[in-house]
Amino acid sequence: MQTKDGQITEPYSISAGLDYPGVGPMHAHLYKTGRAEFISITDDEAMHAGLELSQLEGIIPAIETSHSLAIFKDKKFKEEDIIVINLSGRGDKDLQNYIDYFKL
Amino acid sequence: MNRINQKLQENKKLLSLYFSAGYPSLNATVDIIENLEKSGVDMIEIGLPFSDPLADGPTIQASSTTALKNGMTTEVLFKQLKDIRKTVSIPLIIMGYFNPILQYGVEAFCNTCQDIGIDGLIIPDLPVDVYNDQYKATFEKYGLINVFLITPQTSIERIHFIDSISKGFIYMVSSASVTGSSSGFGDEQTAYFKRIEAMKLNNPQIVGFGISDNKTFTQATKYAKGAIIGSAFIKHLKNDGITKISQFVSSILR
């Protein structure tokens, strides 16, 4: 994320780990070659997905991971599809953010 | 002949000064450059401010941020420097990071540098092999000398490789740190300076990072062709402004 003359701009995300202006070269390559699909998720979608996993499974995901969990609202899968989710981080570090967001 | 090469032939130790363009105020650039030349500085590094200056310590980070807030951009800098060669004859080097140059267009950037009379570039985040493979031809087409950095951690092989494609001088970073963070050189630095001197490289070395006064300038230039001062000069500009530049320079060269 940058200005037109190449200065880095400060991005925003509710998740500290995603509050970063760069894209790794592997992701950029996967995108360019069409081997992966990248989808935007709002703060609200991510937070609700994180809360849902916590309530259903007792697994508290990091807010970074909650973004990927949120795709099930929009992306439809077939019954025989094999789905792997990488729970890339634990959410105990984010508890205060969850508590504040949902006023728990 | 490029002004940098001419300057390197002079039989003296060279003092190069760095400042962030657009600092302390947006339109101070030309004034600072002219004052530095009049004060007896041998070479000037004009910093093109960048929002993520990974080689710089707190002082130059802050001056870069202020410069950007003041409205400094690549285009503004080029406009300010348009007529610089009417009044200034010492070598001028632009020091910046690669992304703004890439966004401007590498060839267009080099072309404008040549039109203005810029002699060289220092781009700490442009790796030497990438430069060699992709940009060397363009830089050389526009008569620009690209200056590479070595540190105490740079391998002998890489130093020789850098020496083989350098056309001016090698920027010898005094220690494994960011700009503006040292207060004097110890045995470790002296050993490193001596080790590099003993390599008898084709390109002379100019020491940067950690030079702030007459003492550190003298120490650094004992084993090298010259030294570069950045953060200490930025601090001077912050405290005393442009008018007292000659006093600062004489305190180094006394």
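The values are calculated or read from the model by the stated rules, or taken from the named source; none is laboratory data. All figures in this text were calculated on a predicted structure; none of them were measured in a lab. Here the Cβ is made from the backbone with ideal geometry for all residues, glycine too, and neighbour counts use every protein chain on show.
Going by what's in this entry, would B:LYS215 be described as surrounded by fewer than 16 Cβ atoms within 10 Å (Cβ to Cβ), within 18 Å of B:LYS13 (Cα to Cα), at pLDDT below 95 and not hydroxyl-bearing (Ser, Thr, Tyr)? Answer is yes for this residue. Contact map, the range A:50-78: residues that are in a helix (DSSP H, G or I) paired with residues that are among the acidic types (Asp, Glu), Cβ distance under 6 Å, separation 6+ or inter-chain. Pairs shown: A:ILE63/A:ASP94; A:ALA70/A:GLU45.
The listed residues are A:GLY89, A:GLY50, and the only one of them that is among the small types (Gly, Ala, Ser) and touching a strand residue (DSSP E or B) at 6+ places or on another chain (Cβ under 6 Å) turns out to be A:GLY50. Among the criteria (1) touching a residue at least 60 places away in the same chain (Cβ under 8 Å); (2) within 16 Å of B:GLU37 (Cα to Cα); (3) surrounded by fewer than 18 Cβ atoms within 10 Å (Cβ to Cβ), the one B:PHE233 does not fulfil is (3). Whenever a residue of the range B:78-107 is touching a residue at least 12 places away in the same chain (Cβ under 8 Å) and more than 14 Å from chain A (Cβ to nearest Cβ), its partners that are acidic (Asp, Glu) and part of a loop (DSSP other than H, G, I, E, B), lying with C-beta atoms within less than 8 angstrom and at least six residues away or across chains, give the pairs B:ILE90/B:ASP42; B:PRO91/B:ASP42; B:PRO91/B:ASP119; B:LEU92/B:ASP119; B:ILE93/B:ASP119.
Among the residues of the range A:65-80, the one identified as of a type in the set (Asp, Glu) and either at pLDDT 95 or above or in contact with a Cys (Cβ under 6 Å, 6 or more places away or on another chain) (or both) is A:GLU80. Residues of the range A:19-49 being without any contact (Cβ under 8 Å) to a residue 12 or more places away in the chain and either over 24 Å from A:GLN2 (Cβ atoms) or surrounded by fewer than 11 Cβ atoms within 10 Å (Cβ to Cβ) (or both), which ones? Matches in the range A:19-49: A:GLY24, A:PRO25, A:MET26, A:LYS32, A:THR33, A:GLY34, A:ARG35, A:GLU37, A:PHE38, A:SER40, A:ASP44.
Out of B:ALA220, B:ALA224, one residue alone is touching a Pro at 6+ places or on another chain (Cβ under 9 Å) and either among the hydrophobic types (A, V, I, L, M, F, W, C) or more than 21 Å from B:ILE145 (Cβ to Cβ) (or both). It is B:ALA224. Restricting attention to the range B:179-206, the residues that are touching a residue at least 40 places away in the same chain (Cβ under 8 Å), among the β-branched types (Val, Ile, Thr) and farther than 19 Å from B:TYR18 by Cα add up to 1. Residues in the range B:184-224 that are assigned to a helix (DSSP H, G or I) and among the aromatic types (Phe, Trp, Tyr): B:TYR192, B:PHE193, B:PHE217. Could you tell me whether any residue of the range A:13-27 is at pLDDT below 95 and on the phi > 0 side of the Ramachandran plot? Looking for residues that are at pLDDT below 95 and on the phi > 0 side of the Ramachandran plot, one finds none in the range A:13-27, hence no. The C-beta contact set for the range B:127-139 (first residue surrounded by 15 or more Cβ atoms within 10 Å (Cβ to Cβ), second residue among the polar types (S, T, N, Q), distance under 7 angstrom, 6+ apart or interchain) comprises B:TYR131/B:ASN146; B:PHE139/B:ASN146. B:ALA227 fulfils the conditions (1) part of a helix (DSSP H, G or I); (2) touching a residue at least 60 places away in the same chain (Cβ under 8 Å); (3) touching a strand residue (DSSP E or B) at 6+ places or on another chain (Cβ under 9 Å) except for a single criterion, (1). Mind checking whether some residue in the range B:105-123 is over 28 Å from B:LEU14 (Cβ atoms) and buried (at least 18 other Cβ atoms within 10 Å of the Cβ)? For the range B:105-123, residues over 28 Å from B:LEU14 (Cβ atoms) and buried (at least 18 other Cβ atoms within 10 Å of the Cβ): absent. I want to confirm something. Restricting to the range B:47-65 and keeping residues that are surrounded by fewer than 23 Cβ atoms within 10 Å (Cβ to Cβ) and away from every other protein chain (no Cβ under 14 Å), which single residue is nearest to the chain's Cα centre (by Cα)? Only one residue tops the list, namely B:ALA55.
Screening A:LYS78 with (1) surrounded by fewer than 10 Cβ atoms within 10 Å (Cβ to Cβ); (2) touching a Ser or Thr at 6+ places or on another chain (Cβ under 7 Å); (3) not hydrophobic (A, V, I, L, M, F, W, C) gives one miss only, at (2).
Looking only at the range A:2-18, residues that are in a loop (DSSP other than H, G, I, E, B), surrounded by 11 or more Cβ atoms within 10 Å (Cβ to Cβ) and within 14 Å of another protein chain (Cβ to nearest Cβ) come to 5 in all.
Across the range B:150-160, not a single residue is classified as surrounded by 18 or more Cβ atoms within 10 Å (Cβ to Cβ), under 19 Å from B:ASN2 (Cα atoms) and not basic (Lys, Arg). Candidates in the range B:14-42 are the residues that are without any contact (Cβ under 8 Å) to a residue 60 or more places away in the chain and not in a loop (DSSP other than H, G, I, E, B); of these, the one that is farthest from the other protein chains (Cβ to nearest Cβ) is B:GLU37.
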